[in-house]
Amino acid sequence: MCAALADSEFNAQELRANGYDAPLACPLLFDVDQLIANAAARKAQRDDELFTVLFVGRVVASKGQAELV
């Protein structure tokens, strides 16, 4: 399974140009609880399937890498 999430449509276009099929643009401000609820509703049948998370950005505290991990 491969998915991509970008913080702007510009960055989503960059991901498309680099081979991602359907990256989604998501604004910087969003309802985390709603995203979690939506993800739970669409939960994959195979819980043990591996996945990769790609973070593209500067490595600085304000980018939130610690929260991502």
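Numbers at a glance
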| quantity | calculated |
| --- | --- |
| Criterion (of a type outside the set (D, E, K, R) and at pLDDT 75 or above) met by exactly one of Ala40, Ala44, Ala25 | Ala25 |
| The range 1-23 - residue that is in contact (Cβ under 8 Å) with a residue 12 or more places away in the chain and of a type outside the set (A, V, I, L, M, F, W, C) and, of those, surrounded by the most Cβ atoms within 10 Å (Cβ to Cβ) | Pro23 |
| Which numbered condition Val59 fails, given (1) among the aliphatic types (A, V, I, L, M); (2) assigned to a loop (DSSP other than H, G, I, E, B); (3) at pLDDT below 75; (4) surrounded by fewer than 10 Cβ atoms within 10 Å (Cβ to Cβ) | (3) |
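The values are calculated or read from the model by the stated rules, or taken from the named source; none is laboratory data. These numbers were taken from a predicted model, which means no experiment stands behind them. As a convention, Cβ positions derive from the backbone with ideal geometry for all residues, glycine included, and neighbour counts pool all protein chains shown.
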